[in-house]
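Notes follow once the structure below has been shown.
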Amino acid sequence: MKKQVPTKLKKSEYTFDAEWLEGMLQAPLNAPPMKPYYTEIKNREGNMFQVLLRSIKEEEIDTVLSFLKLTLDAEYDFYDIVGARTLAELLALKRKRMKDQYFFIGLHDGKLLGIANGRLLNEDINISLHTITFERQIGAGGVLFYAKAWYAFEVCNQQEFWATFESYSGWVLGGLRMALPTYPWPEYQHELGGAKIFYLSRKQWEDEVRDSYLQQVMRGGFFKEAPEDLIKKNENLTVPDKLDI
């Protein structure tokens, strides 16, 4: 807002180097990286196969951004809004405009099965943002959502994991299966659109969810550090030829 200057000036115009402005606007990225881990899930034919989970690489961001644009025309099962928001969050990661975001990808032989992201609100609270899978009926969504809770408690050593859900299937695989309680709404709101907060405390995680969810969803057990041969198989990311969801 323009206002009258309350003193005489020898210089009335100033220029700024963009790098100085960036220092004011850029968000910190202090979320710990997700080391390559893996588990096993069962596909539609009943066969077990390994899924590698790791942080997205900077050089992979543009490829995934382009693929996510396809979800904007998927006007069913809330894929359009979830895809649009996730695209914006990944772009915010690229442009460094979201504080402490983490962004995981799930891969099988380099093929992108799904993505999951969130951010660290502070040292105690982990904010779950979105989980999207690109191949149905293989349980990848459950693995990716569980990965975020596991990351919050086992890697970041945080005290609470806050989620919200746009889609019914998202709530079923996360909120219902984990029996997540809610905070009073609208007094307490999730930062994603002011929605209800479904939360998981460290005590709930350790006493109820960590092991029981494994039995329901993750046939391969806890995440294990990925061996070098599996990391190499998933070193180069490829996206599906088309959106088949």
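Residues in the stretch 79-126 that are assigned to a loop (DSSP other than H, G, I, E, B), among the basic types (Lys, Arg) and farther than 28 Å from Gln159 by Cβ: there are none.
Within the bounds of the stretch 21-39, is there any residue that is among the polar types (S, T, N, Q) and either farther than 30 Å from Arg136 by Cα or assigned to a loop (DSSP other than H, G, I, E, B) (or both)? For the stretch 21-39, residues among the polar types (S, T, N, Q) and either farther than 30 Å from Arg136 by Cα or assigned to a loop (DSSP other than H, G, I, E, B) (or both): present.
Filtered by the rule that a residue be buried (at least 17 other Cβ atoms within 10 Å of the Cβ) and not basic (Lys, Arg), the stretch 172-183 gives Leu173, Gly174, Gly175, Met178, Leu180.
Can you spot a residue in the stretch 215-236 that is in contact with a Leu (Cβ under 8 Å, 6 or more places away or on another chain) and among the acidic types (Asp, Glu)? Checked against the condition, which is being in contact with a Leu (Cβ under 8 Å, 6 or more places away or on another chain) and among the acidic types (Asp, Glu), the stretch 215-236 yields no hits at all.
From the list Phe78, Phe161, which one is surrounded by fewer than 19 Cβ atoms within 10 Å (Cβ to Cβ) and either hydrophobic (A, V, I, L, M, F, W, C) or over 20 Å from Ala195 (Cα atoms) (or both)? Phe78 is the lone residue from the list that is surrounded by fewer than 19 Cβ atoms within 10 Å (Cβ to Cβ) and either hydrophobic (A, V, I, L, M, F, W, C) or over 20 Å from Ala195 (Cα atoms) (or both). In the stretch 184-214, what count of residues is obtained for those that are in a helix (DSSP H, G or I) and exposed (fewer than 13 other Cβ atoms within 10 Å of the Cβ)? So the count comes out to 4. How many of the residues making up the stretch 120-165 are closer than 16 Å to Glu206 by Cβ and basic (Lys, Arg)? Residues that pass the stated criteria total 0.
The test for being among the acidic types (Asp, Glu) and under 13 Å from the mean Cα position of the chain (by Cα) holds for Glu89. Among the residues of the stretch 86-138, those identified as in contact with a strand residue (DSSP E or B) (Cβ under 8 Å, 6 or more places away or on another chain), of a type in the set (Asp, Glu) and modelled with pLDDT of 95 or more are Glu89, Asp100, Asp124.
Among all positions in the stretch 152-175, there is no residue which is in contact (Cβ under 8 Å) with a residue 40 or more places away in the chain, farther than 29 Å from Met98 by Cα and among the β-branched types (Val, Ile, Thr). Answer yes or no: is there a residue in the stretch 47-61 that is small (Gly, Ala, Ser) and more than 28 Å from Asp229 (Cα to Cα). Among the residues of the stretch 47-61, not one is small (Gly, Ala, Ser) and more than 28 Å from Asp229 (Cα to Cα), which makes the answer no. Thr39: closer than 24 Å to Ile127 by Cβ, at pLDDT below 90 and in contact with a helix residue (DSSP H, G or I) (Cβ under 8 Å, 6 or more places away or on another chain), yes or no? Yes.
The values are calculated or read from the model by the stated rules, or taken from the named source; none is laboratory data. A quick note: this is a predicted structure, and the numbers were derived from the prediction, not measured. Counting neighbours? That spans all protein chains shown, and the Cβs are built from the backbone with ideal geometry, glycine included.
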